[in-house]
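Reviewing the structure listed below.
The values are calculated or read from the model by the stated rules, or taken from the named source; none is laboratory data. Predicted model only: the values in this text are computed from it and were never measured. All Cβ positions, glycine included, derive from the backbone under ideal geometry; neighbour counts span all protein chains shown. Surface areas here come from the heavy atoms of the whole protein model, side chains and all, with no ligands, DNA or RNA. Shrake-Rupley method; radii C 1.70, N 1.55, O 1.52, S 1.80 Å.
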Amino acid sequence: SIGDGQGVRVSELLVRFSLPNWDSAQQDNEGSLVSQVFLGSQPIAILSGDLGSEGEIGLLSELTNGSPILMAGHHGSAGSTSEAWLRDANAKFVVISCGANNSYGHPAQETLNRISHSKAEILRTDSVGDIGFRIRNGKIERIR
């Protein structure tokens with residue numbers, strides 16, 4: 001099993017895991033595993049699962065600032081991807097994974113507003129389908 005702060009190396013990438021404080025009796029989204037991907041020591045992406053704002057605040061001091069790619073929490077729900085989280089990540093791209101016309105109404109308009117205010121480019125799977133990136137000469141490029 002993997003513990004808080006541990007990582008896995010895949011070729012040149014390191015994926016480090018953060019486990020938010022979580023009460024197993026509640027079984028809520030605040031227990032989502034958060035992964036941060038690095039190329040060498042350079043942060044590349046933060047993947048926050050279904051983590052909400054409360055869990056995000058609890059992890060701000062644990063994550064390396066400045067990841068160019070941020071996966072919006074909980075499919076862009078209103079209770080995730082807080083201003084503090086966006087400010088700390090300082091992402092160039094925020095990816096929202098959500099189905100077209102989903103019954104939950106994801107992503108929430110207030111989340112889209114927060115992301116827009118952060119100046120990050122919003123990439124939504126319900127609008128553009130697959131989203132891909134590559135790293136070339138140490139720079140992140142969107143390829144689809």
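Quick notes
- Residue check for E30: surrounded by 19 or more Cβ atoms within 10 Å (Cβ to Cβ), over 12 Å from the mean Cα position of the chain (by Cα) and touching a residue at least 12 places away in the same chain (Cβ under 8 Å): yes
- For first residues located in segment 125-141 and free of Cβ contacts under 8 Å to residues at least 12 places away in the same chain, partners that are surrounded by 14 or more Cβ atoms within 10 Å (Cβ to Cβ) and not basic (K, R) and lie 6+ apart or on another chain with Cβ distances below 7 Å form the pairs E141/F133.
- When restricted to residues that are out of contact with any Asp or Glu (no Cβ under 9 Å at 6 or more places or on another chain) and on the phi > 0 side of the Ramachandran plot, segment 58-106 contains 3.
- Listed here are the strands (runs of 3 or more DSSP E) enclosed by segment 52-144 that have at least 1 residues being among the aromatic types (F, W, Y) and surrounded by 13 or more Cβ atoms within 10 Å (Cβ to Cβ): 93-96, 133-136.
- Condition check for I46: in contact (Cβ under 8 Å) with a residue 24 or more places away in the chain and either open to solvent by 80 Å² or more (accessible area, probe 1.4 Å) or within 17 Å of S118 (Cβ to Cβ) (or both): yes
- Cβ separations smaller than 6 Å between residues 6+ apart or across chains give the following pairs from segment 80-92 residues that are within 12 Å of K119 (Cα to Cα) to residues that are at pLDDT below 95 and loosely packed, with under 15 Cβ neighbours inside 10 Å: N90/G66.
- Cβ-Cβ distances below 6 Å connect the following pairs, each with a first residue in segment 97-110 that is more than 13 Å from I122 (Cβ to Cβ), a second residue that is assigned to a loop (DSSP other than H, G, I, E, B) and open to solvent by 40 Å² or more (accessible area, probe 1.4 Å), and a separation of six or more residues or different chains: E110/A78.
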